[in-house]
Structure formats: C-alpha cells, structure tokens
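The values are calculated or read from the model by the stated rules, or taken from the named source; none is laboratory data. Quick caveat: nothing in here was measured; it's all calculated off a predicted structure. Note that we place each Cβ from the backbone using ideal geometry, even for glycine, and neighbour counts take in every protein chain shown. To get the accessible areas, we keep the full protein, side chains included, count just its heavy atoms, and leave off ligands, DNA and RNA. Shrake-Rupley method; radii C 1.70, N 1.55, O 1.52, S 1.80 Å.
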Amino acid sequence: MNRLIMRIWLFLAIAFVLSACSSTEPAVKLDTPKAYPTISQPRTPSPQNPYISATHSGTFHKPGELEPAVEFWRKTYTVWHRSEIAFHDDRYMDVIYEVMVLPSYVDESLTSGQKEMVNHRRDFWKAQLSVLESKLRYNVPLNANDRHLIAKLESSGRQINNILNGAAERVRWQRGTRERFKHGLEISYRYDRKFRKIFRDAGLPEDLAYLPHVESSFQPSARSSAGAVGMWQFTKAAAKRFMPSTKRVDQRLDPFASAIGAARYLSYAYNKLGDWPTAITSYNHGIGGMKRAQSQVGRDFSRIVNTYDGPAFGFASRNYYAQFLAAREIASNPTQYFAEGVQYEPQLVSR
C-alpha cells in the first residue's frame with residue numbers, strides 16, 4: 001500500500017512539473033522546440049570517442065581527457081554565432097542538449113528580453129532532467145523524449161546513473177562567439193610578430209602570443225568586471241608587480257608593455273608550477289590557487305580539472321587551458337575554420 005501511494009505521489013509531482021513547463025512552452029520534441037529555432041546537432045561532426053590519447057603539439061601538452069572541452073571551445077569560437085545559445089552540461093562538455101537560435105537581431109550584448117528567453121529555456125532543460133532523474137529513481141515508465149535525452153547523456157559511453165545525478169544543476173548556457181573571434185584574428189595579425197619576439201626573447205614558447213584570444217579577443221581597451229584592463233587583462237596588483245612603471249599613464253592599455261608583463265608573469269608561473277597547463281591556468285586562477293590544487297590532488301593536470309574543488313576554481317578556471325588550446329589551433333590554421341577568409345589588419349612596421 002505504501003509503495004502504491006508513493007507511485008501515485010510521484011506521478012502527481014511529475015505531472016505538476018511538466019504542466020509548469022508546458023504553461024509557457026508549447027509541446028516540443030527535445031531537439032526541435034517550437035518556441036525558438038534550434039540547431040539540433042552541432043554542425044561539425046563529433047568524434048565517436050572524444051577521449052583520445054594524449055597528444056603533444058610543440059610545448060603544450062593536451063591530455064586526452066581535455067579533448068571534449070577543447071572541441072566545445074572550437075565550436076564556440078568558429079561554429080556558433082552570437083545569435084546562438086548552446087545549453088550544455090558544465091562538467092561533461094560534450095553533452096550539448098540544444099543549440100537555440102535567438103529570434104530577430106542580436107547585438108554584441110543581449111537585451112533583457114533575450115536574456116529572459118535564454119534563462120527560461122535553461123529552466124526548461126533543468127526541469128526535464130529533474131523529471132528524468134525522478135522517473136529512473138522510482139522506476140516510472142519512460143517516454144520517447146526521456147529515452148532521447150538518455151541517449152544524449154550516454155553518447156560518450158558513460159553510465160546514465162553516473163552522469164544524471166545532479167545534471168539539472170549543471171545546466172549552463174554558452175553564447176557563440178564566431179564573429180568576435182574572427183574579428184580578434186583580424187586584429188591579432190597587427191601584433192603577432194612583435195608579441196612573438198617578446199616571448200622568444202624571454203625564452204618562452206612563442207605561441208603564448210595567442211593568449212589574448214581568450215582574454216580579450218585582442219581588444220586593447222577591454223575591461224572586466226573584476227577590474228582587469230587591456231588586451232592582456234592585467235589587474236592593478238599584477239601590473240604593479242610584473243610591469244612596473246613610473247609613467248602616469250595606465251601601462252595596461254599598452255599592448256606591448258602588457259605583453260612584456262605577461263611574459264614576466266608566465267615565466268615566473270612556470271618556474272613555480274612546473275608545467276604549462278598549470279601555469280597558463282594560473283593566468284586565470286592565480287599561482288597560489290594552482291599551488292593549492294597541486295598540493296591537494298597532485299600534479300596531473302587532468303586530475304586537477306576533474307577533481308579539484310578549491311575556492312573559486314569554477315567553470316572559467318577549469319576551462320581556461322582548453323580555451324587556450326582551442327584558440328591556438330584555430331589561430332594557427334584559420335582557413336580551416338573560416339573558409340570565407342579573414343581580412344587581416346596590416347602588421348606594425350615599427351612601434
């Protein structure tokens with residue numbers, strides 16, 4: 001009798017959640033919601049098994065476990081436009097629930113109405129995952145949409161019980177940046193030769209010159225909510241230490257002075273941390289933060305990304321090195337990703 005009452009209660013709870021979704025959402029199939037245009041699958045084929053073996057490309061090691069994240073950022077930078085929103089799992093980066101196309105014109109910044117649409121759709125996916133988790137827990141019969149969602153979650157060979165637990169709380173949305181990244185490529189050509197010389201003269205890998213693709217898309221006057229300024233996104237404290245100057249002007253707005261400061265910082269970080277994945281991640285999370293990660297979970301970078309749960313080591317820090325690898329691959333071979341061509345700005349002849 002208690003089990004019967006429990007099943008009746010569960011059906012009522014599920015019906016309530018689904019009715020809440022359907023009150024503002026038309027009846028939909030998971031991949032083709034009628035509310036907004038949707039790209040049901042990424043437009044570049046995903047590998048059958050993204051967890052390939054580790055590779056080395058020059059100095060920068062790419063653990064096989066990072067490939068799903070690198071592929072996610074490749075799509076963000078080169079496939080998804082600024083009008084497209086990918087809803088995905090923030091831990092399992094190859095789990096993409098939907099790519100929604102925002103209606104009407106979309107500018108560099110989303111309007112409040114567009115943000116409301118995006119947040120509403122995110123809540124829809126959170127509800128779908130919560131209902132599915134309840135159905136599996138209480139052995140409730142599944143419908144076609146449930147089975148389709150399970151197939152998405154299991155697409156890379158994971159067990160559904162492992163990935164579904166907490167999946168509703170891991171739903172995140174990512175806006176495409178194809179236009180912004182391409183414009184950054186056009187600007188970067190202006191600085192590339194001199195930036196490379198700065199890193200080469202410092203005894204560092206020249207490809208660190210690609211880092212502003214991640215930081216600012218090569219915008220010299222970029223400013224962050226955390227107070228970082230310039231193409232290389234230095235805070236005041238970091239600038240005081242790594243690019244000291246007696247000038248009254250803000251040296252952080254000078255791309256070349258900042259590049260020299262970045263070379264000093266990265267050289268110092270590498271000497272402290274011992275490898276480039278961790279040193280580059282420290283550009284986002286700090287040297288002290290990465291030292292704590294190494295002391296708690298070891299020096300294996302994949303293990304740090306997958307298991308370290310330190311203060312402020314969130315989505316941005318976990319993904320920073322993968323973003324750099326993706327940006328480096330694209331910038332090294334832009335015609336592969338931008339078949340229409342890139343209109344580079346002329347290189348600077350002299351400073």
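Of the residues making up the stretch 194-236, just one is more than 15 Å from Ser267 (Cα to Cα) and among the acidic types (Asp, Glu), namely Glu215.
Got a number for residues in the stretch 242-255 being modelled with pLDDT of 95 or more and either over 29 Å from the mean Cα position of the chain (by Cα) or closer than 18 Å to Ser282 by Cα (or both)? Counting residues in the stretch 242-255 that are modelled with pLDDT of 95 or more and either over 29 Å from the mean Cα position of the chain (by Cα) or closer than 18 Å to Ser282 by Cα (or both) gives 1. Checking the structure you have, find out if any residue of the stretch 264-273 is more than 19 Å from Phe234 (Cα to Cα) and open to solvent by less than 30 Å² (accessible area, probe 1.4 Å). Looking for residues that are more than 19 Å from Phe234 (Cα to Cα) and open to solvent by less than 30 Å² (accessible area, probe 1.4 Å), one finds at least one in the stretch 264-273, hence yes.
The lone criterion from (1) touching a helix residue (DSSP H, G or I) at 6+ places or on another chain (Cβ under 7 Å); (2) closer than 17 Å to Met231 by Cα; (3) of a type in the set (A, V, I, L, M) left unmet by Ala262 is number (1). Of all the numbered requirements in (1) modelled with pLDDT of 95 or more; (2) touching a helix residue (DSSP H, G or I) at 6+ places or on another chain (Cβ under 7 Å), Pro50 misses one, and that requirement is (1). When you scan the stretch 96-118, do you find a residue that is modelled with pLDDT of 95 or more, closer than 16 Å to Arg170 by Cβ and β-branched (Val, Ile, Thr), even just one? Taking every residue of the stretch 96-118 in turn, at least one turns out to be modelled with pLDDT of 95 or more, closer than 16 Å to Arg170 by Cβ and β-branched (Val, Ile, Thr).
Among residues of the stretch 86-135 being part of a loop (DSSP other than H, G, I, E, B) and among the aliphatic types (A, V, I, L, M), the one that is surrounded by the fewest Cβ atoms within 10 Å (Cβ to Cβ) is Leu110.
For the stretch 286-317, a residue qualifies if it is open to solvent by 30 Å² or more (accessible area, probe 1.4 Å), farther than 15 Å from His61 by Cβ and of a type outside the set (A, V, I, L, M), and the qualifying residues are Gly288, Lys291, Arg292, Ser295, Gln296, Asn306, Thr307, Asp309, Pro311, Phe315.
Determine whether the stretch 321-337 contains at least one residue that is open to solvent by 10 Å² or more (accessible area, probe 1.4 Å) and in contact with a His (Cβ under 7 Å, 6 or more places away or on another chain). Yes, the stretch 321-337 contains at least one residue that is open to solvent by 10 Å² or more (accessible area, probe 1.4 Å) and in contact with a His (Cβ under 7 Å, 6 or more places away or on another chain). Within the stretch 269-322, if we keep just the residues that are without any contact (Cβ under 8 Å) to a residue 12 or more places away in the chain and of a type in the set (D, E, K, R), the residue that is farthest from Glu169 (Cα to Cα) turns out to be Asp300. Residues of the stretch 219-258 that are more than 23 Å from Arg196 (Cα to Cα), among the small types (Gly, Ala, Ser) and assigned to a loop (DSSP other than H, G, I, E, B): Ser224, Ser225, Ala226, Gly227.
Out of Gly176, Gly261, which single residue is in contact with a Lys or Arg (Cβ under 6 Å, 6 or more places away or on another chain), of a type in the set (Gly, Ala, Ser) and open to solvent by less than 70 Å² (accessible area, probe 1.4 Å)? Let's see the steps before the verdict.
Values: Gly261 fails: in contact with a Lys or Arg (Cβ under 6 Å, 6 or more places away or on another chain).
Criteria check complete, one pass: Gly176.
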